[in-house]
Amino acid sequence: MRSGRRTLLALVAAIVALGAVASCSADPAGDGNQTVTAGAVIYPLSLRYHGIDVVTDVPYGGDRLQRLDVCLPADSAPGTTATPEGAATPAGAAAAAGSGGLAGSGSTSSAVPEVPEPGATGRTNPSPTAPATADPSALEKAATGTRPAVMMVHGGSWSHGDKDTAAYRAVCQYLASAGFVTFNVDYRLAPTDPFPAGLDDVRRALDWVFRPATLETYDVDADRVGVFGGSAGGNLVSLLAVEDHRSTAYADGDRIRAVVDLSGPSDLTSRSTASDGVSAAFQRRQLLYLGCTRYDACPAAERASPRYNVTADTPPFFIGHSTHEFIPMWESQDFASALRDEGVPVTFVAVEGTAHSIAQLDQAMSERVVRFLRRTLR
């Protein structure tokens with residue numbers, strides 16, 4: 001009898017252990033695939049954010065669309081609401097565009113996500129601006145801060161949308177409430193400025209984030225910077241990541257460490273026009289973005305497709321894509337396969353239904369994204 005009981009207990013223990021392993025394999029912070037259902041509410045948009053200051057319209061270039069907002073964690077020092085020294089402004093427009101306004105932060109409701117606070121950072125209060133006469137090498141050594149950061153890029157078919165959209169502002173504040181200094185970026189739009197203008201702009205914005213003055217002002221750790229994008233923004237941050245190893249910043253050690261891509265088109269070539277591809281209307285939008293009239297004579301299409309530019313140097317990805325949305329799921333599935341073929345860790349989450357881009361961010365999906373970023377940017 002005792003022997004039978006011991007056998008039974010051992011069997012129960014083995015089942016529990018197998019369940020724990022299965023639970024770990026489904027951890028959205030690690031490499032793997034999941035299929036989930038999504039709620040109808042964009043969770044970050046349903047919250048209020050007490051103490052999350054937003055520094056608005058900080059210029060990173062001379063064009064009127066080369067602006068970004070900075071969403072600051074609640075315990076940021078007062079000096080972080082300043083605009084860093086040397087922020088770019090158009091000639092003659094510094095007073096209008098270069099000051100960097102402070103948006104009202106609102107208050108936190110009891111529904112604020114209960115995610116663990118990041119570990120103690122040993123934070124010091126940085127100077128709000130970098131001294132113009134400081135020795136560059138000394139400044140670079142002292143500039144890197146203590147906080148992880150995320151640069152966000154909005155969607156809109158590369159032709160519309162902006163960082164001030166309520167949903168994207170809310171996601172910016174949500175990530176800041178989870179401890180990430182979050183940069184929410186605008187960029188030039190097609191057809192006025194076709195590819196690669198938008199990509200060039202988000203690259204410029206990322207280089208601006210890595211400047212010593214920016215790192216010091218916002219207390220950002222240069223070794224813990226990720227990117228986040230939805231739809232067209234997902235395409236752009238994915239391109240940033242797969243091309244990052246070619247940049248001067250990468251050679252200097254300033255690199256993208258994590259990528260969140262929600263519904264980003266990954267294949268803009270003629271493959272996307274097949275019967276299982278995007279609609280005729282979206283095909284025309286892609287051509288306008290690419291600056292082409294036909295897919296069979298569009299050399300920009302492959303370069304604008306992250307799927308064809310992956311290397312072993314590409315950072316880890318979190319990819320979210322809905323099963324029946326207007327960007328076909330095979331695009332993200334093929335992209336995930338290309339990443340894994342190069343040894344890049346991928347967390348792939350298939351969301352049942354039609355939710356596109358940040359519409360996937362119900363509470364569970366929002367928390368998956370935060371867990372992925374915390375693990376990857378630790």
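The values are calculated or read from the model by the stated rules, or taken from the named source; none is laboratory data. Since the model is a prediction, treat every value here as computed from it, not as a measurement. Ideal geometry is used to build each Cβ from the backbone, glycine not excepted, and the neighbour counts take in all protein chains shown. Accessible surface is based on the protein model in full, side chains and every heavy atom, while ligands, DNA and RNA are left aside. Shrake-Rupley method; radii C 1.70, N 1.55, O 1.52, S 1.80 Å.
Structure notes:
- Pairs with Cβ under 8 Å, 6+ apart, first in the stretch 206-227 and charged (D, E, K, R), second surrounded by 24 or more Cβ atoms within 10 Å (Cβ to Cβ) and part of a helix (DSSP H, G or I): Asp221/Leu215
- Boolean, Glu367 is among the acidic types (Asp, Glu), farther than 21 Å from Leu240 by Cα and touching a residue at least 24 places away in the same chain (Cβ under 8 Å): yes
- Test: residue in the stretch 359-375 that is at pLDDT 95 or above, farther than 21 Å from Tyr168 by Cα and either of a type outside the set (A, V, I, L, M) or out of contact with any Leu (no Cβ under 9 Å at 6 or more places or on another chain) (or both): yes
- Cross-chain or 6+ apart pairs with Cβ under 6 Å, the stretch 284-298 first and of a type outside the set (Phe, Trp, Tyr), then open to solvent by less than 100 Å² (accessible area, probe 1.4 Å) and not in a loop (DSSP other than H, G, I, E, B): Leu290/Ala300; Leu290/Ala301; Cys298/Leu290
- Pro90 satisfies every condition listed in (1) at pLDDT 80 or above; (2) more than 30 Å from Gln360 (Cα to Cα) except (1).
- Residues of the stretch 156-206 classified as in contact with a strand residue (DSSP E or B) (Cβ under 8 Å, 6 or more places away or on another chain), within 23 Å of Gln286 (Cα to Cα), open to solvent by 10 Å² or more (accessible area, probe 1.4 Å) and not hydroxyl-bearing (Ser, Thr, Tyr), total: 1
- Qualifying residue in the stretch 4-21 (condition: over 22 Å from Arg204 (Cβ atoms), among the β-branched types (Val, Ile, Thr) and at pLDDT 65 or above): no
- Among the residues of the stretch 148-168, the one identified as under 15 Å from Ala197 (Cα atoms) and part of a strand (DSSP E or B) is Val153.
- Single match in Ala241, Ala222 (criterion: hydrophobic (A, V, I, L, M, F, W, C), part of a strand (DSSP E or B) and touching a Ser or Thr at 6+ places or on another chain (Cβ under 7 Å)): Ala222
- Looking across the stretch 257-283, the residues that are surrounded by fewer than 16 Cβ atoms within 10 Å (Cβ to Cβ) and in contact (Cβ under 8 Å) with a residue 24 or more places away in the chain come down to Ser270, Asp276, Ser279.
- Tally of residues being of a type in the set (Val, Ile, Thr) and in a strand (DSSP E or B) across the stretch 322-338: 0
- Failed criterion for Asp254 (all others in (1) in contact with a strand residue (DSSP E or B) (Cβ under 8 Å, 6 or more places away or on another chain); (2) open to solvent by less than 10 Å² (accessible area, probe 1.4 Å); (3) of a type in the set (Asp, Glu) hold): (2)
- Those residues of the stretch 45-65 which are assigned to a strand (DSSP E or B) and at positive phi, in sequence order: Asp57
Residue-wise test of (1) β-branched (Val, Ile, Thr); (2) assigned to a helix (DSSP H, G or I); (3) out of contact with any Lys or Arg (no Cβ under 6 Å at 6 or more places or on another chain); (4) surrounded by 17 or more Cβ atoms within 10 Å (Cβ to Cβ).
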| position | (1), (2), (3), (4) |
| --- | --- |
| Gln286 | no, yes, yes, yes |
| Gly320 | no, no, yes, yes |
| Arg340 | no, yes, yes, no |
| Val349 | yes, no, yes, yes |
| Ala359 | no, yes, yes, yes |
| Leu373 | no, yes, yes, yes |
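- Among the residues making up the stretch 278-320, those that are among the polar types (S, T, N, Q) and over 18 Å from Leu189 (Cα atoms) are Ser279, Asn309, Thr311, Thr314.
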